[in-house]
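Q: This is the structure, below, for whatever I ask next.
The values are calculated or read from the model by the stated rules, or taken from the named source; none is laboratory data. Only a predicted model underlies this, so the values are computations on that prediction, with no experimental measurement involved. Don't worry about glycine lacking a Cβ; one is built from the backbone with ideal geometry, like all the others, and counts go over all protein chains shown. The protein model used for the area step is the full one, side chains on, heavy atoms only, and it has no ligands, DNA or RNA in it. Shrake-Rupley method; radii C 1.70, N 1.55, O 1.52, S 1.80 Å.
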Number of protein chains: 2
Amino acid sequence: MKRAVIIVAGGKGVRMGLSTPKQFLDIAGIPILCRTVGQFRSFDPSIDVLIALPAQYIDYWKRISQAFLPEGSYRIVKGGEERFHSVKNAINALSPDTDLVGVHDGVRPLVSVSCIAQCYTTAALKGNAVPCINPPESIRTVLTDGTSKIIDRNTVKLIQTPQVFHAEVLRHAYAQQYEPSFTDDASVVERFGEKINLIDGDRSNIKITTLEDISYAEYVVGKTKKVH
Amino acid sequence: MKRAVIIVAGGKGVRMGLSTPKQFLDIAGIPILCRTVGQFRSFDPSIDVLIALPAQYIDYWKRISQAFLPEGSYRIVKGGEERFHSVKNAINALSPDTDLVGVHDGVRPLVSVSCIAQCYTTAALKGNAVPCINPPESIRTVLTDGTSKIIDRNTVKLIQTPQVFHAEVLRHAYAQQYEPSFTDDASVVERFGEKINLIDGDRSNIKITTLEDISYAEYVVGKTKKVH
């Protein structure tokens, strides 16, 4: 079973207002993206890791990662305009014998090895697997007239990554034309006609988008002592 | 303009697996619920604060809060079986000349004074105000057959507190029979026939439910140095 993971790290730091994009910031001394790669390599030391990076950060990434990741432990592909185009570039770089491909947000370094394992195992059996959690808050839907209505939060799931697929399915799904409604890989594969299999994610597998999230992450990695 | 806030602190610590319910845990040396009360008193020093507490924690709360909150700065009402019943008990204890009532989660101590001010101001003008944020993740809806479908995340809002209402509206809305679909006060008032006004909340106004959330909160209060 040949596995690959596409790690999308296209952030340019704009939203956080920082000069360093957030995927390169440290959590307890180790850059976020190094931690993310490390979790997938802990799951499967022979996994093919493809990192989609903005062209202008490739050299910078090589410099900061060399102390933490052995040479040859990942490959780099150039990021595209949207997440969709980055994933597509990475799919084109996959080795043809790949069976399963995960797509993961570079800024989710807290993903557990057991969550990764469950996603790949379920995808092997059912074609795909997408981790999700229940929303901790009430949910409202905004209607076209600008008003809103409560919706039963038990019918709503917040979607995480890694989203894992049979390689052939992902390849064909990404042959579709880009649409702005493609906010994640499950939405691309679903539009292609596949049913999506949701599985339980972890609440702590957060997408790091603020400095507060970094202190949350430092607490989590300090507690679990999972340092790569 | 006479303002009140009902602070719901009915948690019994079960979910976090702790002997101390989370509303009483410390953030940088100050119990969460004291911080929450402090934010509303910073907004309006004459606001009527009603705290709905489980009966068995009333003495404990008085003991831990006395170093942080002046005597007479809040009133206590007994918590009910569900959140709905706690709020209803507090409504019955409101002074009859109250104009505006907010309902707030005791475990949201990071609410900013400016967010509180905006909720009360909007509610004064429009009848109610409910703060919300955009979901940071993709969203799927689970259908009755167990399958799921992506929904446009721009049409979905995660709902926060304080939810602020004209006192008379809230009083009448809570005269309705309890239903399990009443997950927050907006849902009760909406069922009573009122339109809900959503306003922009803050991403950092989190509901503290895990120990990781506490370290997030310690970072936020350390940064803003807003200690009461």
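Q: Report, by chain and number, residues whose modeled amide H sits under 5 Å from the one on B:ASP48, excluding near sequence neighbours (fewer than 5 apart, same chain).
A: The answer is B:ARG3, B:ALA4, B:VAL5.
Q: While we're looking at this one, here's another question. Using only the alpha carbons, work out the radius of gyration and Dmax of chain A in angstrom.
A: When restricted to Cα atoms, chain A yields Rg and Dmax of 17.4, 55 Å.
Q: Residues of B:156-163, mean number of Cβ from any other protein chain within 10 Å of their own Cβ, rounded to a whole number?
A: 5
Q: Put a label point 7 Å from Cα along the Cβ direction on B:ALA117, then list its distances to the equivalent points in the other copies in nm, shortest first.
A: 5.3
Q: Something else now. For the range B:29-36, in order, what is each residue's ³J(HN,Hα) by Karplus, 6.51 cos²θ - 1.76 cosθ + 1.60 with θ = phi - 60°, in whole Hz (x at glycine and Pro)?
A: x, 10, x, 3, 5, 5, 4, 4
Q: Remind me, relative contact order of chain A in percent, using alpha carbon pairs under 8 angstrom and six or more residues apart?
A: Relative contact order for chain A comes out at 24 percent.
Q: Also, I was wondering about something else. Around A:ASN128, with a cut-off of 10 angstrom between Cβ atoms, what is the net charge of the other residues, counting Lys and Arg +1 and Asp and Glu -1?
A: Taking every Cβ under 10 Å from that of A:ASN128, the sum is -1.
Q: Cβ under 15 Å from A:ARG63's Cβ, A:ARG63 left aside: what net charge do those residues give with Lys, Arg +1 and Asp, Glu -1?
A: Net charge around A:ARG63: -2.
Q: Which residue, B:THR98, B:THR210, B:THR147, tops the fluctuation ranking in a GNM of chain B built on C-alpha contacts under 10 Å?
A: B:THR147
Q: What are the distances, in nm and sorted shortest first, from the label point of A:GLU81 to the label points of the same position in each other copy, with each label point placed 7 Å from Cα along the Cα-to-Cβ direction?
A: Spacings between copies for this position, smallest first, are 5.8 nm.
Q: Quick check: the distance between the Cα centres of the range B:190-205 and the range A:97-149, to the nearest angstrom?
A: Result: 27 Å between the Cα centres.
Q: Over chain A, average the accessible area per residue using a 1.4 Å probe and give it in Å², no decimals.
A: Ligands and nucleic acids excluded, the figure is 43 Å² per residue.
Q: Straight-line reach only, C-alpha to C-alpha below 12 angstrom: list the aspartates and glutamates that A:LYS126 could link to, leaving out same-chain residues fewer than 8 apart.
A: Here the aspartates and glutamates satisfying the reach criterion relative to A:LYS126 are A:GLU194.
Q: Here's something else I'd like to know. Please check chain A for the longest run free of chymotrypsin sites (Phe, Trp or Tyr not before Pro) that are loop-located per DSSP (anything but H, G, I, E, B) and have at most 16 other Cβ atoms within 10 Å.
A: That would be A:1-177.
Q: Summarise the partner chain shielding of B:173-184 as one whole number: the mean count of Cβ atoms from other chains within 10 Å of each residue's Cβ.
A: Mean number of neighbouring Cβ atoms from other chains: 2.
Q: Nearest 100 Å², what total accessible surface is buried between chain A and chain B (probe 1.4 Å)?
A: Interface between A and B: roughly 3600 Å².
Q: How many nanometers, to one decimal and shortest first, lie between the label point of B:PRO70 and those of its other copies, if labels sit 7 Å from Cα toward Cβ?
A: 6.6
Q: Okay, next question. Once you treat every alpha carbon in the range A:93-228 as an equal point and sum by Debye, what is log10 I(q)/I(0) at q = 0.14 Å⁻¹?
A: The Debye formula, applied to the Cα set alone, gives -0.77.
Q: What are the ³J(HN,Hα) couplings of the range B:141-153, residue after residue, when phi is run through the Karplus curve with 6.51, -1.76, 1.60 and θ = phi - 60°? Round to Hz, x for glycine and proline.
A: Working through the residues one at a time gives 10, 8, 8, 5, 8, x, 7, 9, 9, 5, 10, 4, 5 Hz.
Q: Right, another one. Kindly write out, for the range B:59-73 in residue order, the coupling ³J(HN,Hα) from the Karplus curve 6.51 cos²θ - 1.76 cosθ + 1.60 (θ = phi - 60°), rounded to whole Hz, with x marking Gly and Pro.
A: Values per residue, Gly and Pro as x: 5, 4, 4, 4, 5, 7, 8, 5, 6, 10, 10, x, 4, x, 8 Hz.
Q: Look at the axis of the rotation that sends chain A onto chain B, then give the chain A residue with the nearest Cβ and the distance in whole Å.
A: So the chain A residue sitting closest to the axis is A:TYR216, 2.
Q: Over the whole of B:138-149, what's the average partner chain Cβ count within 10 Å per residue? Rounded to a whole number, please.
A: Per residue, the number of nearby Cβ atoms from other chains is 6 on average.
Q: So, one more: For A:ARG3, what is the net charge nearby, where nearby means another residue's Cβ is under 12 Å from its Cβ and Lys, Arg count +1, Asp, Glu -1?
A: Every neighbour counted, the sum reads -2.
Q: Just A:ASN128, A:ASN205, A:ASN92 to compare: in a GNM of chain A, with alpha carbon springs under 10 Å, which one fluctuates most?
A: Among A:ASN128, A:ASN205, A:ASN92, the largest mean-square fluctuation in the Gaussian network model of chain A belongs to A:ASN92.
Q: Remind me, what semi-axes does the range A:41-117 give for its equivalent ellipsoid, largest first in whole Å, using sqrt of 5 times each Cα gyration tensor eigenvalue?
A: Equivalent ellipsoid semi-axes, largest first: 19, 17, 13 Å.
Q: Pairs to check: A:LYS157/A:LYS207; B:LYS12/B:LYS62; B:LYS12/B:LYS78; A:LYS207/B:LYS12; B:LYS157/B:LYS223. Give those whose C-alpha atoms are more than 23 Å from each other in this structure.
A: From A:LYS157/A:LYS207; B:LYS12/B:LYS62; B:LYS12/B:LYS78; A:LYS207/B:LYS12; B:LYS157/B:LYS223, over 23 Å: A:LYS207/B:LYS12; B:LYS157/B:LYS223.
Q: OK, next. Calculated from DSSP H runs of 4 or more alone, at -39500 (n - 2.57) each and per residue, what is the 222 nm mean residue ellipticity of chain B, nearest 500?
A: The helix-only estimate for chain B comes to -9500 deg cm²/dmol at 222 nm.
Q: Further question: Grab the alpha carbons of the protein assembly as shown, take their convex hull, and tell me the volume per residue in Å³.
A: Residue-normalised Cα hull volume stands at 150 Å³.
Q: When chain B is treated as a GNM, springs tying every alpha-carbon pair under 10 Å, which of B:GLU168, B:GLU81, B:GLU137 comes out with the largest mean-square fluctuation?
A: In this elastic network of chain B, the residue with the biggest mean-square fluctuation among B:GLU168, B:GLU81, B:GLU137 is B:GLU137.
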